[in-house]
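> Structure incoming, see below.
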Amino acid sequence: MSTSTLSTSEIDSLLEAARAVLENSHSPYSGLRVGAALLAQDGTVHAGCNVESASYGLTICAERNAVFRAIADGVRGFRAVLITTDRDEALMPCGACRQVLHELEGDLEVIVVGSGGDRIDTTIAALLPYAIGEAEIKGS
C-alpha cells in the first residue's frame with residue numbers, strides 16, 4: 001500500500017530516472033545494480049547509480065551519488081528519493097546513505113522499488129530514528 005504524498009506521475013518520473021541510470025551502474029564485485037532519483041522542491045530530478053571499487057570503502061552508493069550530483073548542481077531542498085535495483089525485492093539504503101539523506105532533508109520521503117514490483121514507502125526519519133545532524137553537532 002502506498003503512503004507517499006507524491007503524485008503517480010511524480011513517482012513514475014522518479015522510477016523512470018532511477019531505472020535509466022541503473023543501467024550505468026559499475027558493479028563488477030557485488031553484481032547489484034542500484035539507481036536512485038531525488039525529487040527536489042523545484043520539481044527537478046537528480047539521479048545517480050552505484051559505482052564500486054575493489055577497495056570497498058571507496059564505493060559510492062546510488063543514493064549518495066544522486067545527492068552529490070544535485071548538491072554540485074546547486075540544488076537544495078528535496079521532497080523524496082526513489083531507489084530501485086535489478087533484484088525482485090525492494091532493498092533499503094545502507095546506513096551511510098541513511099545518514100547523508102537525513103542531513104539533506106530530515107523529513108524526506110523514501111520509496112524503494114524492486115524490479116519485481118515490490119515497493120516500500122517510508123521516510124528517512126523512520127529509517128534512521130534518533131539521527132545525529134547539524135543541531136546535535138553544533139549543540140543547538
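Coordinate-derived values only; no laboratory data. Since the structure is predicted, the reported quantities are computational estimates derived from the model, not experimental observations. When we count neighbours, we look across all protein chains shown, and the Cβ atoms used for this are built from the backbone with ideal geometry, even at glycine.
> If you count the DSSP beta bridges with both ends in the chain, what percent of them are antiparallel, to the nearest 5?
Looking only at bridges with both residues in the chain, the antiparallel portion is about 75 percent.
> Once both labels are modelled 7 Å past Cα along the beta-carbon direction, what's the S115-M92 spacing in nm?
Here the modelled spin labels are 2.3 nm apart.
> Note down the relative contact order for the chain as a percent, whole number, built from C-alpha pairs under 8 angstrom at least six residues apart.
Relative CO of the chain lands at 20 percent.
> If you stretched the chain out fully between S9 and S55, how much longer would it get, using 0.36 nm times the residue separation minus the C-alpha to C-alpha distance?
Length difference between fully extended and current span is 12.7 nm.
> Measure off 7 Å from each Cα along the Cα-to-Cβ vector at A20 and A125, then give the distance between these two points in nanometres to one decimal.
If labels sit at A20 and A125, their model points lie 3.2 nm apart.
> Arrange the peptides 92-102, 7-17 so that the one whose residues have, on average, the most other Cβ atoms within 10 Å appears first. Display every interim value, and only then the final one.
Numbers: 92-102: 17.8, 7-17: 15.7.
Taking the mean over residues of other Cβ atoms within 10 Å, the ranking is 92-102, 7-17.
> Then there is this: Quick one: if the Förster radius is 25 Å, what FRET efficiency do K138 and T44 give, using the C-beta to C-beta distance and rounding to 0.05?
Efficiency, rounded to the nearest 0.05: 0.30.
> Something else now. Just order 36-47, 66-77 by mean Cβ neighbour count inside 10 Å, highest at the front, would you? All intermediate terms of the calculation are to be shown ahead of the outcome.
On the way: 36-47: 19.5, 66-77: 14.8.
My ranking of the peptides, most packed first, is 36-47, 66-77.
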